[in-house]
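J.: Got a structure for you, written out below as structure tokens; questions coming shortly.
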Amino acid sequence: MKFQYYILLTLVSLCACAKTDLDDVVADGKGCIKQVATSPDAHAIAKAEQAIAVRLFQQNGIDLSNLRFTRFIEEDLDLNGRTNHYVHVSAAQFGNGLPFLTGGIIYAFKDGKFTFLSGELLTTTVDPKPVSSLAQVRSAFFTEFIKYEQNSSFYKAKDFKDKCLTAELGYFTLRGGETQPKSVLAWHVKPKDAEYPTAYINDRDNTIIYFFDGVWTLGPR
């Protein structure tokens, strides 16, 4: 009887050793993850620059209700003896109250008049209500992280298991081949107070749209 007890104890110990620190994270998303949100009113440029940008948009009849200003460049250039005033305003786009996670645009103005738009105006009819829980999102992030690190030695998933992640809900525009661009509801996930590693995760099925550790290499991963 005592012999059988020791065998059972040994088997339990072996099973415990086989289990990694990341098993609980992958299985049920155990750990810290917090949802963050950016308002279209939370412009990333100075108040004085914002005032100029708003005036230019209004003077040119451009709707700015779904835009968040992210960069402002203003300069005077002399050409053929004439000084022209140029303003370039970069903006992030929003739809249904959520940001388009990719697809920034730039509005260009010359002497107060709108001259061109760099980028594509995005719209969507996709329901903004998520179906994935934050735990599911965290689980998907680490599942992909473990796969990714097999071809990368820069970051290791185990070093991030106790760190808090942030998750921003928005729209990701899928593009490929000859198909029309398609927006899907997605999560942008990364460690809190860091830019990498980062992932975009489809809200509907938790598949990974994109994962990147911030390190560019010459060869394939």
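The values are calculated or read from the model by the stated rules, or taken from the named source; none is laboratory data. A quick note: this is a predicted structure, and the numbers were derived from the prediction, not measured. Cβ sites come from the backbone with ideal geometry, for glycine too, and all protein chains shown count toward neighbours.
J.: Which pairs turn up if I take residues in the range 40-51 that are modelled with pLDDT under 95 and look for partners that are surrounded by fewer than 18 Cβ atoms within 10 Å (Cβ to Cβ) and outside any loop (DSSP other than H, G, I, E, B) with beta carbon separation below 6 Å, at least 6 apart in sequence or on another chain?
T.: Taking only residues 6 or more apart or on different chains, not a single pair turns up.
Let's see how each residue does on (1) surrounded by fewer than 14 Cβ atoms within 10 Å (Cβ to Cβ); (2) touching a Phe, Trp or Tyr at 6+ places or on another chain (Cβ under 8 Å):
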position	(1), (2)
A42	yes, no
A46	yes, yes
L64	no, yes
T70	no, no
R82	yes, no
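To keep it simple, each residue is scored yes or no on (1) in a helix (DSSP H, G or I); (2) surrounded by fewer than 19 Cβ atoms within 10 Å (Cβ to Cβ).
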residue: T123; (1), (2): no, yes
residue: D127; (1), (2): no, yes
residue: F141; (1), (2): yes, no
residue: F145; (1), (2): yes, no
residue: K158; (1), (2): yes, yes
residue: K163; (1), (2): no, yes
residue: E168; (1), (2): no, yes
residue: Y171; (1), (2): no, no
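J.: Next up: Mind telling me which of the residues E178, E144, E149, E168 ends up being within 30 Å of A53 (Cα to Cα) and either under 16 Å from the mean Cα position of the chain (by Cα) or modelled with pLDDT under 95 (or both)? So that I can check it myself, show each step before the final result.
T.: Numbers: E178 fails: within 30 Å of A53 (Cα to Cα); E144 fails: within 30 Å of A53 (Cα to Cα); E149 fails: within 30 Å of A53 (Cα to Cα).
Within the list E178, E144, E149, E168, the selection yields E168.
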